[in-house]
Amino acid sequence: MQAIDARAQASVSLEVLVERAGTAVAIAALDLLGGAYGRRIVVVAGKGNNGADGRVAASRLRDRGARVGVLDASEAGTEIGPVDLVIDAAYGTGFRGEYRAPTVPPGTPVLAVDIPSGIGGDSGVASGSPLAATRTVTFAALKPGLVQADGPGLSGVITVADIGLPVEGARVHAMADGDIGGLLPARKREDHKWTSAVLVVAGSPGMTGAAGLCAMAAYRAGAGMVRLGIPGADLGDTPASEAVSVALPRAGWADEALTQAERCQVVVVGPGIGRDDSTATDLRRLVDRCPVPVVVDADGLYALGQLDTIVSSTSAVVLTPHDGEYRRLMGQPPGPDRIAAARRLAEKAGAVALVKGTTTAVSEADGRVVLGLAGTPALATAGTGDVLSGVIGAFVARGVAPLEAAGLAAHVHGRAAADGATEGLVAGDLPELVSDALSRARAPRGRPTGGPHG
C-alpha cells in the first residue's frame with residue numbers, strides 16, 4: 001500500500017486522496033448511526049494521514065448536523081464521556097510502539113479508519129490497549145493486519161472503500177466465494193473418472209480412519225477416481241467407500257505407489273501413515289520421484305523431519321502443517337504472522353506451504369500468498385486436517401494450480417464447517433458439507449439447489 005500510495009500521488013494529490021478517504025469514513029459513520037443530525041461523535045485524530053482522514057470525516061459529519069469533537073491522539077489516558085460514536089483515526093498501518101486508547105463508555109460503537117490504532121499493519125499483533133472497533137473502513141484493499149493475529153478480533157465488520165487507488169502488483173490475495181467458480185473448472189462433457197484421479201497413500205493396519213476421511217473428502221470435492229493405498233493393510237481392511245483399494249506392503253511401498261501415481265493427477269500422502277523409519281524412507285522416495293504433484297500432510301510431515309534444505313522433488317509439493325508440525329519442520333513456531341510464517345517455510349522447502357489456522361496462509365517459494373479467511377474454531381477437532389488434504393488433492397486433480405488449490409480448499413473447508421453444527425461438528429460431517437458448498441457455488445442463478453420441482 002505504501003508503494004501504491006506513492007505511485008498514485010504522481011497523478012492524484014494527497015489532499016484529494018485524504019478527501020476521498022475522509023468522505024468514505026463519514027459515509028460509514030452515517031450508515032452505522034442511521035443518520036447524523038444531533039448525534040454526538042468524537043474523532044480521535046493523530047498527526048498523520050489517518051488523522052487527516054478523521055478530520056475530513058468530522059467536517060462532513062458536522063455538515064450533516066452532527067455534534068463532533070476532535071481529540072488529539074497524543075492525549076493518552078483521556079476518558080471520553082457518553083457519545084453516540086467514536087471514530088478511531090489515531091494511527092494507521094505504519095504505527096510503531098505502544099498505543100493507549102482513550103477510555104470509552106461500554107457499548108459505544110467505534111469506527112476505525114483503515115486499521116484499528118495499535119494493530120500492526122503487517123502482523124496484526126496488538127500493542128498497548130487498542131479500541132475494539134465495531135466497524136473498520138479500510139482503503140483500496142485489505143491490510144494483512146486486519147485478517148490475522150489480533151486484527152480480526154479488534155476490527156469488527158470490515159468495509160473496503162474504493163478511493164481511486166489502482167491496486168496493482170499485490171503479492172497477497174484473499175480467497176472469496178466467487179473464486180470457487182472462477183478457479184475450479186467445471187466438468188467437461190468428455191471427462192471420465194481418470195480425468196481427475198487422486199491417489200491417497202495414508203493410514204496403517206488398524207488405523208484407517210484418517211485414510212477414509214481423506215479419500216472421501218477427495219471424492220466429495222470432485223475427484224473422479226480415488227485410489228487408496230494403506231501400507232501393510234489387507235485389502236479387506238480398507239474403509240468402506242467408493243475408493244478403489246491398492247495393495248501396498250508395510251515397508252518398501254514407494255515403488256508401487258509411484259506406479260499407481262502414473263495414472264493419477266495428484267498424490268496425497270501422510271494422514272495416519274505412521275512414523276517408523278521405513279515410512280520416512282518410502283515417503284521421501286515417493287516425493288522425490290513422483291511424476292505428479294504431491295500433497296504431504298500429518299505423519300508425512302513428521303517423516304520429512306526438520307528441514308535443512310529444499311524438499312527434493314520432481315513435481316510440485318504442497319506441505320500442510322499445523323503449528324506443531326511447523327515447529328518440527330522449521331525448528332521454531334510459526335508465530336502470529338501467518339503470512340510471514342508461510343513464506344519462510346515455502347522458501348526453505350522450495351514448495352507450496354499451507355500454514356493452518358483460523359486465518360490459513362498459503363505461500364509459494366517466490367513469496368506469493370493466498371489466504372483462507374473462512375476458518376472457524378469448529379474445525380479444531382481431530383480429522384479435519386485429513387479432510388482438508390483430500391480437498392486440496394481433488395482441486396489439484398481438477399486442474400487448479402497447487403497454490404490456488406490449497407488456498408481455495410482452505411476457504412471451502414471453512415465455509416463447509418460454517419454450514420455444519422454449531423456444536424459437535426466432527427470431521428466425518430465435513431465431506432458432504434464440502435460437496436454442498438461447491439454445489440451451491442455452481443448452481444445457476446435463479447435455479448433452486450434442491451431436488452426436482454413440479
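Below, the figures for the structure above:
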{"item": "Pairs where the first residue, in the stretch 417-440, is among the polar types (S, T, N, Q) and the second is surrounded by 15 or more Cβ atoms within 10 Å (Cβ to Cβ), C-beta under 6 Å, 6+ apart", "result": "S435/R220"}
{"item": "Candidate set from the stretch 150-176 (those that are out of contact with any helix residue (DSSP H, G or I) (no Cβ under 8 Å at 6 or more places or on another chain) and small (G, A, S)); member that is modelled with the lowest pLDDT", "result": "A170"}
{"item": "Hey, I87 under 26 Å from the mean Cα position of the chain (by Cα), farther than 20 Å from L165 by Cβ and β-branched (V, I, T) or not", "result": "no"}
{"item": "Yes/no for V268 being surrounded by 19 or more Cβ atoms within 10 Å (Cβ to Cβ) and either under 31 Å from the mean Cα position of the chain (by Cα) or charged (D, E, K, R) (or both)", "result": "yes"}
{"item": "Pair list, Cβ under 8 Å, 6 or more apart: the stretch 236-252 residue of a type in the set (A, V, I, L, M), other residue surrounded by fewer than 16 Cβ atoms within 10 Å (Cβ to Cβ)", "result": "A247/L235"}
{"item": "Count of the stretch 7-45 residues which are more than 14 Å from R64 (Cα to Cα) and β-branched (V, I, T)", "result": "6"}
{"item": "Residue in the stretch 1-29 that is nearest to A57 (Cα to Cα), counting only those that are surrounded by fewer than 17 Cβ atoms within 10 Å (Cβ to Cβ) and of a type in the set (A, V, I, L, M)", "result": "I27"}
{"item": "Residue selected from the stretch 271-306 under the condition surrounded by fewer than 23 Cβ atoms within 10 Å (Cβ to Cβ) and of a type in the set (D, E), by the criterion nearest to A254 (Cα to Cα)", "result": "D288"}
{"item": "Strands (runs of 3 or more DSSP E) enclosed by the stretch 74-163 - at least 3 residues per element that are buried (at least 23 other Cβ atoms within 10 Å of the Cβ) and in contact (Cβ under 8 Å) with a residue 24 or more places away in the chain", "result": "85-89, 110-113, 135-139"}
{"item": "Number of positions in the stretch 335-344 that are crowded, with 24+ Cβ neighbours inside 10 Å and without any contact (Cβ under 8 Å) to a residue 60 or more places away in the chain", "result": "2"}
{"item": "Members of the stretch 1-47 found to be farther than 20 Å from G164 by Cβ, in a loop (DSSP other than H, G, I, E, B) and touching a residue at least 40 places away in the same chain (Cβ under 8 Å), listed by number", "result": "R39, G46"}
{"item": "Matching option when the condition is closer than 26 Å to G407 by Cβ and not hydroxyl-bearing (S, T, Y), among G151, G92", "result": "G151"}
{"item": "Where R227 falls short, out of the listed (1) under 30 Å from E190 (Cα atoms); (2) in contact with a strand residue (DSSP E or B) (Cβ under 8 Å, 6 or more places away or on another chain); (3) in a loop (DSSP other than H, G, I, E, B); (4) not β-branched (V, I, T)", "result": "(3)"}
{"item": "Hey, R67 basic (K, R), touching a helix residue (DSSP H, G or I) at 6+ places or on another chain (Cβ under 7 Å), in the same structural domain as V18 (by TED's automatic domain parsing) and in contact (Cβ under 8 Å) with a residue 24 or more places away in the chain or not", "result": "no"}
{"item": "Residue count for the stretch 285-308, restricted to those that are touching a residue at least 24 places away in the same chain (Cβ under 8 Å), more than 24 Å from A394 (Cβ to Cβ) and within 28 Å of the chain's Cα centre (by Cα)", "result": "3"}
{"item": "Residue match in the stretch 370-379 (condition: modelled with pLDDT of 95 or more, surrounded by fewer than 24 Cβ atoms within 10 Å (Cβ to Cβ) and not β-branched (V, I, T))", "result": "yes"}
{"item": "Residue list for the stretch 345-358, filter: part of a helix (DSSP H, G or I), in contact (Cβ under 8 Å) with a residue 24 or more places away in the chain and charged (D, E, K, R)", "result": "K348"}
{"item": "Unique match (being over 14 Å from the mean Cα position of the chain (by Cα), closer than 30 Å to K193 by Cα and hydrophobic (A, V, I, L, M, F, W, C)) among A406, A346, A380, A397", "result": "A397"}
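Here is a yes/no grid of residues against (1) out of contact with any His (no Cβ under 8 Å at 6 or more places or on another chain); (2) among the small types (G, A, S); (3) at positive phi:
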position	(1), (2), (3)
G124	yes, yes, yes
G128	yes, yes, yes
A132	yes, yes, no
A140	yes, yes, yes
A149	yes, yes, yes
P152	yes, no, no
L165	yes, no, no
A174	yes, yes, no
T195	yes, no, no
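The values are calculated or read from the model by the stated rules, or taken from the named source; none is laboratory data. The shown structure was predicted, so the numbers you read here are calculated from the model rather than taken from an experiment. Neighbour counts are summed over all protein chains in view; Cβ atoms, including those assigned to glycine, are modelled from backbone coordinates with ideal geometry.
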